[in-house]
1. What does the net charge come to around Val376 if you take all other residues with beta carbon closer than 10 Å to its beta carbon, with K and R at +1 and D and E at -1?
2. Sort Val474, Val239, Val433 by Cβ crowding within 10 Å, fewest neighbours at the top.
3. What fraction, in whole percent, of alpha-carbon pairs in the stretch 91-271 exceed 26 Å separation?
4. If you take the Cα Rg of the stretch 371-420 and divide it by 2.2 N^0.38 Å, with N the number of residues, what do you get?
5. Going 7 Å from the Cα of Gln264 along its beta-carbon direction, which residues of the stretch 208-227 have the amide nitrogen within less than 19 Å of the resulting point?
6. If r is the Cβ-Cβ distance from Lys716 to Asn81 and R0 is 60 Å, what FRET efficiency results, to the nearest 0.05?
7. Can you give me the distance in nm between label points at Ala496 and Phe163, each placed 7 Å from the Cα along the Cα-to-Cβ direction?
8. If you stretched the chain out fully between Ala625 and Arg94, how much longer would it get, using 0.36 nm times the residue separation minus the C-alpha to C-alpha distance?
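Read-outs: derived from the displayed coordinates by stated rules, not from any lab. In this text, all values refer to a predicted model and were calculated from it rather than measured experimentally. Cβ placement follows ideal geometry from the backbone for every residue including glycine, while neighbour counts extend to all protein chains displayed.
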Amino acid sequence: MAENSKKNKDSKKTNTGFKIFIKSFFRTFLLLIIASAVVMVGAGLGMITAYIKAIPPNALDIITSSSNESQTTIVYDQSSNEIARLHGSENRVRVPYSKIPKNLINAFVAIEDERFWQHSGIDIKRIFGAIYKNLKSGNMSEGASTITQQLVRNKLLTFERSFKRKIQEQYLAIQLEKRWTKEQIMEEYLNTINLGSGAYGVEAAAYTYFGKDVSQLTLAECALIAGITQNPSYYNPYVFPDHAKQKQELVLKKMLELGYITEQEYLEAKNQPLVYVKKDVPSESLYKHPYFVDSVIDEAIEILSSKKRISEDEAENLVYSGGLRIYTTMDETVQSIMEDAFSDPSIMPKIRHYDASGTPQPQAAAVLIDFSTGEVKGIMGGRGNLKGVRLLNRATMSVRQPGSAIKPIADYALALENGYTAASIIDDVPFSVGGYTPRNLYKSAVVPGKRGYKGLMTLREALQWSANVPAVKVAYNLGIQNVYRNLKRFGFTTLAPQDMNSLSIAIGGFTYGVKPIELTAAFAAVANGGIYIKPYFITKIEDKNGAVLFERTPYKRKVMDDKNAYILTNILQSVVTARITVGVRFSYPVAGKTGTTDDSKDRWFVGYTPNYALGVWVGEDKPVALNYLTGTNPALKIFKGIMDRVVSKKGVSSEFPRPPGIVERYICKESGKLATDLCRKDPRGSQVIKEIFVAGTEPTEYCDRHVKLKVCAQSKALATQYCPNVIEKIFIRRDNPIWPDKSNLVVPPDDYMYQAPEKYCDIHRAPQNPQADTNLQGGLQNEASPGQGNEGNSTSGSTLNQSTGQTNESTGALQTDQTTSGEVYGQR
């Protein structure tokens, strides 16, 4: 018992000691936590104090100085010559607080800082709300800047995202509220804020978007302008009217919630039509070459917002007021030529009307690229006003249907990369798949007044005629998903997911369309030996102290083999020289393609010389049929007007450089195989052409499409021994013969009458024993069976025209001068 009692006492001592240890441990641990917290708070306070002390002593004076002048940004051309000066004050007119409508002030408060009239510079409730939302979402997208903080940031140009900047900004906001009244802060804010399209301040915005003084703005217009603030590019009503309208309605709803407007005022403003009218505000100066400089500004904003991790409106403020030096790709000679051409009535389509904002219609856009570097040398985003700033640039912003201008890239570039050659045969005959039936634009030679089909044609001819059916067939054989991915590789950014399953993209039928600059860059990749380079305007950006903020490394990607790219260039040259869809002549090498949408709402010509690629679009801003534009494709006319002048000033190389590994063969354009004498004796004229191939892909077999047969002169069927008048004729043997009486085709292909007949004459029969007649007929069938017809496979004796690839004896359609009907045939 005594022993058990001792054990119990020892156990109690052990438990008591353990409890004491635990208490001591937790007490020590708690003290360490408290001490750490104190140290952390102290360190934090010390860091905050250090940040505040680092604020320049005159910062508040800079903010409150009404004469605060921002530093000018200078833009240079490719030769480092100054072409523009950008100031934050360039498109700004100050207005006093008393002149600013109450609705406009309330609209900004509602959407930007609803407790503006109550807080002392920072909004504690909003700060904690933003912290909660950021923790919940896992990112730092939610901000908490008050109007006062925004004013501080805009005036000091401190846009980098950092804890230090935020602390300094909040401290200065509190100090500013001690020095200025709320009305003074609001007046300065509304006179300096960036509101897009180069407008700084509400007076400039009122003129820019509604063509009126700020004091005349309606509630609906006030809400629209206030909504632009958070993202001037995204909510620009000239570029994204739907975005701007949605934001305007959000502002109006917020004003209603805060009691600034009544329900009736809300509904009336929401339903009021918004009519945008741009008028220039009296300004210090307007820069020359606005479309190029505007493109530079857009690219600089994109570069700086990404590199410095700041918002687009902060980046725009930095561009206008940061004293930057921006070096660009602009060739002022080229840019001036393009501007002159767009003002030349002999080149531009006749103005049909002016829209509500006074913009002439139809409009046009053009972009010229040095395809060897990717540098944009000149750009025109529209016709008409060249005295504004931050204009709608249709060359970089507008998305339009490309029509047949997309075929060389979408279909034939991919085809050449996947085993097709320029001589591959595609049968242009009626074709349907999955309920989709493409139609050609050119007329039938068999059924007057109907759209037709040419029949057997080479890949080269398919592009020369701008045939839709062959293009769709090629895309179908390659796989439409592969066509979609190929377009992505060529730099198109406006494709919709549903386009991946739509065969119509093979001939330019997109959900949205393409941008002119991206279509031009795709052709530039072909011209550049299959190397795609993303086009660009800026080569370098320096800050106000000369430090390099950005230096260009062009983005490059191989999209085609150089030999296939050369063959496609050669085909596109023949598109121009054949003059089937291109109704003008050039005195220098040009490869290119027209484009016209089915409804003729968009007209294109995209092409290149051995030095430059140039893409041109013509259409109305609100798409309508351009049937009133007759004669030469207006985009082609503009292309020639610009390129003739560029070649005259800058010169041009004599030919497109030919890579090694290209071979030539005389082939039959009905079979794509080596030519025979029968190919030369085709009843339509010689079908022999000289074609180029990548070495190893050239044909090695002779044409078996042409055959010589004996036919009855009366029935036109295969002759028997009973036919009194037998003639020998040369025909083509189609893999799948097409006879209108069998297939019930309304419009057969133009070449169907040249097909080898399959029936024997049933007109001339001998009155003999039926059994003997049957035996005799069987013998005749063997004797008259169509042969190969390779009567002498020598290719000598046919002189070829090097420029057209036709034999001198050819009288085929491709040698026919289509100048007068170029707008009727194949203008897709």
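1. Overall, the nearby charge balance is -3.
2. Val433, Val239, Val474
3. 30 percent
4. 1.68
5. 218-220
6. 0.20
7. Output for this residue pair reads 4.7 nm.
8. Stretched out fully, the Ala625 to Arg94 stretch lengthens by 186.7 nm.
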